[in-house]
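*Asks:* Mind looking over this structure? Questions follow.
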Amino acid sequence: MKKSIISKISIISVVVCVFLSCERDGEIVFSPAGVPVDLGLSVKWASCNVGANSPEDYGDYFAWGEVIPKKRYSAANNSYKYNPKILPPHADAATVNWGGAWRMPTDVEMVELRNNCTWTWTTENGVNGYKVTSKTNGNSIFLPAAGLKAGNDFFDGGGLNGCYWSSSLDDEEVVEARCLSFSSEYDKRDDCWDNWNDRSYGLSIRPVSEY
């Protein structure tokens with residue numbers, strides 16, 4: 001009887017921990033999974049970033065191939081040393097944090113999002129970013145300009161720029177991975193929209209789902 005009560009308490013503790021987004025350094029961060037939004041594309045896009053509690057919340061930052069956010073982002077403490085063309089599930093922060101229905105988008109899927117939606121710079125609940133509206137069905141998502149993190153305390157571009165990892169390795173430099181970058185200062189036809197970044201940097205992740 002006593003063992004049964006202890007087991008129930010343990011289960012309750014885990015559930016409470018998940019719903020309250022346990023956020024201790026060095027552990028996987030649980031947060032409400034975003035709602036899949038149908039933009040008429042090959043995949044559905046989540047309504048919020050990994051680690052976020054709302055569409056306008058910045059969420060957490062991840063080095064490419066790492067699944068846990070951290071305080072410092074540098075080549076010295078980068079733990080993922082492999083060079084796959086596409087990240088496997090165990091190294092995909094969207095899959096590990098949100099479950100198997102979610103994954104990081106490929107570079108091709110990011111280009112699809114860029115080219116088949118209308119991008120409008122706006123402010124949602126005091127947060128700058130882009131409202132991304134499908135040209136096919138009119139549905140939309142909001143991508144906050146969450147900036148990026150690099151080095152010890154360097155935080156760049158919050159409120160002005162956004163950088164979102166894809167699961168695709170860069171074709172030419174294995175120390176870099178493909179990402180979608182945007183700024184309030186650039187039109188989406190600019191080269192910065194199809195970009196790459198040092199894998200050790202902490203960038204945002206917006207998951208996709210095939211379901």
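*Asks:* Counting only residues that are under 18 Å from residue 34 (Cα atoms), crowded, with 19+ Cβ neighbours inside 10 Å and among the hydrophobic types (A, V, I, L, M, F, W, C), how many does segment 101-134 have?
*Replies:* Residues that pass the stated criteria total 5.
*Asks:* Could you tell me whether residue 180 is modelled with pLDDT under 95, buried (at least 16 other Cβ atoms within 10 Å of the Cβ) and outside any loop (DSSP other than H, G, I, E, B)?
*Replies:* yes
*Asks:* Of all residues in segment 84-95, which are in contact with a helix residue (DSSP H, G or I) (Cβ under 9 Å, 6 or more places away or on another chain), closer than 12 Å to residue 33 by Cβ and among the hydrophobic types (A, V, I, L, M, F, W, C)?
*Replies:* Result: no residue meets the conditions.
*Asks:* Would you confirm whether any residue within segment 185-192 is modelled with pLDDT of 95 or more and over 24 Å from residue 41 (Cα atoms)? Don't jump to the end; show me each part of the working.
*Replies:* So the first thing to find is which residues in segment 185-192 are modelled with pLDDT of 95 or more, and the list is none.
Checking segment 185-192: not a single residue is modelled with pLDDT of 95 or more and over 24 Å from residue 41 (Cα atoms).
*Asks:* Still on this structure, I have one more. Given the options 50, 67, 111, name the one that is in contact with an Asp or Glu (Cβ under 8 Å, 6 or more places away or on another chain) and free of Cβ contacts under 8 Å to residues at least 40 places away in the same chain.
*Replies:* From the options 50, 67, 111, the qualifying one is 67.
*Asks:* Looking at residue 105, is it within 16 Å of the chain's Cα centre (by Cα) and without any contact (Cβ under 8 Å) to a residue 60 or more places away in the chain?
*Replies:* Here the answer is no, as residue 105 does not meet what is asked.
*Asks:* Is one or more of the residues making up segment 73-95 among the β-branched types (Val, Ile, Thr), in contact (Cβ under 8 Å) with a residue 12 or more places away in the chain and touching a Gly at 6+ places or on another chain (Cβ under 7 Å)?
*Replies:* no
*Asks:* Please return the ranges of helices (runs of 4 or more DSSP H) entirely within segment 1-120 where 1 or more residues are modelled with pLDDT of 95 or more.
*Replies:* 93-98, 107-115
*Asks:* Taking segment 133-177 as the region of interest, how many residues are among the aromatic types (Phe, Trp, Tyr) and assigned to a loop (DSSP other than H, G, I, E, B)?
*Replies:* The total comes to 0.
The values are calculated or read from the model by the stated rules, or taken from the named source; none is laboratory data. What you see is a predicted model; the values in this text were computed from it and never measured. Neighbour counts are summed over all protein chains in view; Cβ atoms, including those assigned to glycine, are modelled from backbone coordinates with ideal geometry.
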